[in-house]
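Working notes, structure below.
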Amino acid sequence: MGRIWKVSGPIVVADGMRGSRIHEVVEVGEQRLLGEIIGLEGDRATIQVYEDTSGLRVGDEVLGSGKPLVAELGPGLIGSIYDGLQKALISLKEDLGPFLKRGVKAKALNRERRWHFVPRVKRGDFVKGGDVIGVVQETPLVEHRIMIPPDVRGTVREVRGEGDYTVDEYVAILDGGQEIRMAHEWPVRRPRPYASRLDPSNLLVTGMRIMDYMFPMALGGKGAIPGGFGTGKTVALQQLARWAQTHVNIYIGCGERGNEMADVLKSFLELKEPKTGRPLMEKEIFIANTSNMPVVAREASVFLGITMAEYFRDMGYDVLLVADSTSRWAEAMREIGGRLEEMPGEEGFPAYLGSSLSSFYERSGRVRCLGNPERIGSVTVVGAVSPPGADFSEPVTQNTLRIVEALYSLDVALANRRHFPAISWLSSYSLYVDDVEEWWRANVGPEWKEMRNRALKILQEEAELQEIVRLVGPEALPERDKLTLLIARMIREDFLMQSAYTVDTYCSPKKAHLMMRTIMAFYDKAQRMMEAGAQVREIQGLPIVARIARMKEIPNEVFEERIEEIWAELEEGLVIG
Amino acid sequence: MKRRQLYVIETKGLREAKGSILITEGVPGARFDEVVEVVLASGEPKLGRVIEVAEDFSVIQVFGGVGDIDLGGCRVRFKGETLKLPVSSDMLGRIFNGRGEPIDGGPKIIPEDYLDINGEPINPAAREPPSEFIETGISAIDGLNSLVRGQKLPIFSGAGLPHNRVVAQIIRQAAVRGEGEGFAVVFGAVGVSYDDAAFFMRSLEETGGLERTVAFINTASDPTIERIVTPRLALSAAEFLAWREGLQALVILADMTNYCEALRELSAMREEVPGRRGYPGYMYTDLATMYERAGRISGRKGSVTIMPVLTMPDDDITHPIPDLTGYITEGQLVLSRGLERKGIYPPMDVFLSLSRMMKEGIGPGKTREDHRGVFMQLYAAYSEGNYLREISTIVGTESLTERDRIYLKFADEFERRFISQGEFERRDIETTLDIAWDLFSMLPEGDLKLIPEEFIEKYHPAHGGRRRVAAEAH
């Protein structure tokens, strides 16, 4: 036990701490505020406190726990809302009212709830880390696989029969007398082990055309969405967390707005998962550390989220984790670094900014999981970055770009024109295009990559032509270029623009592909008409142009048959005049 | 309710004073963030706050500066609690200074409670998403950037732009909307000139809104460091009115640029590592802990809506103050010098302005069914017109197509008839939307791609939609 020697904002220095370890969790002061040791010198420990330190006194007690910061993993995670320290916010609300108090403790998992456990092993079986010993249907969408913790092995001496148990009761006992419960703890800063790493090869279907079609994300991939304020980072991340075709999604609101968090929570209760029609909440976990909650807990919230993601990955699931916003976490590091009087790096950020960011992003990936039966799981990470003044040369964006494989760059000019999602087609990229080509070929159609590249080329040409238009006006362009501008505009407005609030909010890859095929078929047709002497002005006025513009309003299920009508019109030949 | 400690810790051991920072000898029992009273040799007390404690020293931030502090003759009394605001429903109609003391000549407040000026964070799981439309009667806001209860929507302005008049108009018009007693305005003036403060108080008085207002006024001549607490007092008062009294509280904080300057000054005195342009690295968090106090709570009647006003230094929206604010708030209303020069009031730059909470607050049952489509189409058409303006300045209007010229005209008419309105003109949302439909009748109907067809048939003047004669803007 130590005593406080100094308090400066969230940093507390305590004496008499000999024997403590770095990253050990401690309790500080009368209110037993949670903190973590981040520096040791002699018997003096530097502690970052996760809660507001107002009222702490010199001489107050500091108690060590002997444990690092851990996440509790087990049935009950899905549908929960946690703060950065995994306190269950819903039970806090029920117990203490609408405001957060300091020093209160709330268990992560419900202790009373009984889960229906179905054993998958029998007495005498040898089990090791990662083996599935039973299952619990946690929600209609998620079957929770109860695994032997990674560092445990032995022969099953006893296993409980099918029945209802709480997370505190044992479900199996190994020969060494070790009790296995449905929940276990894992240090958040330590990556969970797996058998081997696999290359990403499947598309993460997001329902967003600009991502799926133009800049695909792979299961197990990592991407960043940087953008100035108002460019739609949060909406893009919310869309991902809503529609991504994964087993489990984790949404981290880190240093962001409370109202938005409330809005997201509400929408996840109302919205239905597209394939099963079940509420989305049945596959989501939320971590809410809003900007007015303690700064130090931002880092904890990011690592808590990725640990939970790895845990579900280990069950053999595809997990998507979105973090909004990693810049707020980086700012927390800067604030702590400043208080510790560390030598600052670029723009005051600590010199270890890059390695901290990669210790988070690098925990994504597609893996062969530990244990039996054999399973493959993945963690896909997408983080928002909030560059000051929308200037992408700042350290957080640049350090992130060195790590991620896909960039979805949000453009202020597009957002100002209300082109949403405001992901720029000129500056975004994805290194997963070749990885997911086979997926498109097998699941949708063979010509995806060719059409994608053709569309991007037209958009690139448009950007160049617009430079010329600025100088000479649109009328001075040759007809051929005017047609390129028309088609580019159709790609932008009729394909890339996608509302998050209409039937178009989730677009299946099939629909996206048919939409693009329609635009390209129109392009080919228009070129032939032009050769026959038609003017672009006339082509532009054709009723089919308006019909194509409204095709995004057709629901996914009936799209294939309804688009036939437009194709028939194209086939029959269009007549000018 | 106030917890008083039985003894007060006192020290005479002062070591150093500079700017507004006072360093004392180590004081056993001193608490981080507690309030202190610095008692001058003359007996006059000054308020301060502990910003760092250690075994052998403590650092105190003194409101009102340390100018007249004599290291030998002063005493510092530690009060044992954090800074609190005495609150009561009698605060309505009262005027306080930036430290929370009445300056209207009225009696002292008899407190019902003392609230920590930093408030307590709302549990994200207890928040109710804002979704109730506030009709401000200003087309550029209601039609394109709707404000909802519980939102935090700042006004980004520039020196010399009419932000005060816009704010006064919003207070005047939003307040009268059938709310009656349920509405309260909390006005926090942070480092504003005497004239500006007087303008607000006068315009509140003229509309009879003063008895529903609480004002905290820190003028430009008041101590800088006091500005750190003024907005927090205003927010604490608003929280009391919203969560205890069930009122819809609208908090106006002007001018938050002065607050940020004060924060920078304090940070420099503490010799902290500066962030961008000398502002402290924690400015985002500091502003967020205030603005995040906006919201609604499920199961409670009231709401806290925050409208901070800030002047962008050199009209630069990427300056750290507007930039960090924009990352915290749910959108922004940006005033444009270009429109102001054209004589358009309110000079609202609709491209840079944005209300993130809008989608929840509009549509059938809230505004009108066609609102979403109309708003998207207005943006699309105005943005097209603006793009063509840019081109036509280089190549002239002759080389534009017929269609292009229609859009050029649309952009002009949109600014003249939709954005522009009288300072005392209150347009209801139907009028605002009908003006938009009037403007759409200029465009080829096939171009109205963003509006569902059923609404075009219902509202487009060409279809004999229920056209109301919209009040022409002056």
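Descriptive notes on the structure:
- Qualifying residue in the range A:236-252 (condition: in contact with a Pro (Cβ under 6 Å, 6 or more places away or on another chain) and in a loop (DSSP other than H, G, I, E, B)): no
- Against the conditions (1) modelled with pLDDT of 90 or more; (2) within 14 Å of chain B (Cβ to nearest Cβ), A:Ala546 satisfies every one except (1).
- Selection of the range A:40-54 for residues being assigned to a strand (DSSP E or B) and in contact with a Leu (Cβ under 7 Å, 6 or more places away or on another chain) yields A:Thr46, A:Val49.
- Index of the failed condition, B:Gly72 passing every other in (1) at pLDDT below 90; (2) over 33 Å from the mean Cα position of the chain (by Cα); (3) not in a loop (DSSP other than H, G, I, E, B): (3)
- Scanning the range B:417-457 for residues that are more than 14 Å from chain A (Cβ to nearest Cβ), touching a residue at least 24 places away in the same chain (Cβ under 8 Å) and surrounded by fewer than 16 Cβ atoms within 10 Å (Cβ to Cβ), we see that the one that is farthest from the chain's Cα centre (by Cα) is B:Met442.
- Within the option set B:Arg337, B:Arg300, B:Arg293, being within 11 Å of chain A (Cβ to nearest Cβ) and either in contact with a Cys (Cβ under 6 Å, 6 or more places away or on another chain) or at pLDDT 95 or above (or both) holds for one residue only, B:Arg293.
- Taken together, B:Gly19, B:Gly48, B:Gly26 contain a single residue that is under 20 Å from B:Ser267 (Cβ atoms), in the same structural domain as B:Phe78 (by TED's automatic domain parsing) and without any contact (Cβ under 8 Å) to a residue 60 or more places away in the chain, which is B:Gly48.
Conditions tested, residue by residue: (1) assigned to a strand (DSSP E or B); (2) among the hydrophobic types (A, V, I, L, M, F, W, C); (3) at pLDDT 95 or above.
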{"residue": "A:Lys105", "(1), (2), (3)": "no, no, no"}
{"residue": "A:Ala108", "(1), (2), (3)": "no, yes, no"}
{"residue": "A:Glu112", "(1), (2), (3)": "no, no, no"}
{"residue": "A:Phe117", "(1), (2), (3)": "yes, yes, yes"}
{"residue": "A:Val135", "(1), (2), (3)": "yes, yes, yes"}
{"residue": "A:His144", "(1), (2), (3)": "yes, no, yes"}
{"residue": "A:Pro149", "(1), (2), (3)": "no, no, yes"}
{"residue": "A:Thr155", "(1), (2), (3)": "yes, no, yes"}
{"residue": "A:Asp164", "(1), (2), (3)": "yes, no, yes"}
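- When B:Thr257, B:Thr289, B:Thr230 are checked against the criterion of being surrounded by fewer than 24 Cβ atoms within 10 Å (Cβ to Cβ), under 21 Å from the mean Cα position of the chain (by Cα) and within 27 Å of A:Glu51 (Cβ to Cβ), a single residue qualifies: B:Thr289.
- Residue in the range A:487-494 that is surrounded by fewer than 14 Cβ atoms within 10 Å (Cβ to Cβ) and among the acidic types (Asp, Glu) present: no
- Positions within the range B:323-334 being facing chain A (nearest Cβ under 9 Å) and not β-branched (Val, Ile, Thr), in sequence order: B:Asp323, B:Leu324, B:Gly326, B:Tyr327, B:Glu330, B:Gly331, B:Gln332
- Residue ID - surrounded by the most Cβ atoms within 10 Å (Cβ to Cβ), chosen from residues in the range B:118-147 that are in a helix (DSSP H, G or I), more than 10 Å from chain A (Cβ to nearest Cβ) and not acidic (Asp, Glu): B:Ile141
- When residues of the range A:269-327 are limited to those that are of a type in the set (Lys, Arg) and buried (at least 24 other Cβ atoms within 10 Å of the Cβ), the one nearest to A:Gly221 (Cα to Cα): A:Arg313
- Within the range A:6-39, considering residues that are part of a strand (DSSP E or B) and in contact with a helix residue (DSSP H, G or I) (Cβ under 7 Å, 6 or more places away or on another chain), the one surrounded by the most Cβ atoms within 10 Å (Cβ to Cβ): A:Ile11
- Of the residues making up the range A:51-102, those that are at the interface with another protein chain (Cβ under 10 Å from one of its Cβ atoms), in contact with a strand residue (DSSP E or B) (Cβ under 7 Å, 6 or more places away or on another chain) and among the charged types (D, E, K, R) are A:Arg57, A:Asp60, A:Asp83, A:Arg102.
The values are calculated or read from the model by the stated rules, or taken from the named source; none is laboratory data. It should be emphasised that the depicted structure is a prediction, and the values quoted were computed from it without experimental measurement. Because the Cβ atoms are built from the backbone with ideal geometry, glycine has one as well, and the counts that use them run over all protein chains shown.
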